[in-house]
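The values are calculated or read from the model by the stated rules, or taken from the named source; none is laboratory data. Bear in mind the structure is a predicted one, so any value in this text is a computation, not a measurement. With ideal geometry, Cβ positions are generated from the backbone for all residues, glycine too; neighbour counts draw on all protein chains shown. To get the accessible areas, we keep the full protein, side chains included, count just its heavy atoms, and leave off ligands, DNA and RNA. Shrake-Rupley method; radii C 1.70, N 1.55, O 1.52, S 1.80 Å.
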Amino acid sequence: MSGLFAFLATGIADTAEGRRPGARYAMLVYVTAADFEAAQRRAAGVAIGAGWMLVRLEKGKPIAANEASGDPVLDAAAQTAIEDGSALVVYGDELPPAA
């Protein structure tokens, strides 16, 4: 049985569409997996597969499939992950180099 997990991460844009190559961004990665360790591996792979490099998972947690965040973008991403196995939300502003 798979659970839903969310990870706060940072990554450097490589071939990520619509992002300046070399810039660092914050993101949320949603994945389904059997356990937390498998979810960590999958989350990093999802971000790398979407054109990010040097992905760093800052923190993560399991979330209930019916747990609403109150944010429509995040709720839609969680639902996409439930349906498709993963979803990635990248915040619009670049992170400063020292952050």
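Here are some notes:
- The condition (being basic (Lys, Arg) and part of a loop (DSSP other than H, G, I, E, B)) is satisfied by just one residue among 19, 42: 19.
- Filtering segment 66-99 to residues that are exposed (fewer than 15 other Cβ atoms within 10 Å of the Cβ) and more than 16 Å from residue 6 (Cβ to Cβ) leaves 92, 93, 95, 96, 97, 98, 99.
- Selection from segment 66-76 of residues that are of a type in the set (D, E, K, R) and modelled with pLDDT of 85 or more: 71, 75
For every residue, the table says whether it meets (1) open to solvent by less than 60 Å² (accessible area, probe 1.4 Å); (2) modelled with pLDDT under 95; (3) under 21 Å from residue 80 (Cα atoms).
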position	(1), (2), (3)
1	no, yes, yes
9	yes, no, yes
21	no, yes, no
28	yes, no, yes
33	yes, no, yes
38	yes, no, yes
44	yes, yes, yes
50	yes, yes, yes
64	yes, yes, yes
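- Sole exception among (1) touching a Lys or Arg at 6+ places or on another chain (Cβ under 8 Å); (2) open to solvent by less than 50 Å² (accessible area, probe 1.4 Å); (3) touching a residue at least 60 places away in the same chain (Cβ under 8 Å) for residue 16, by number: (1)
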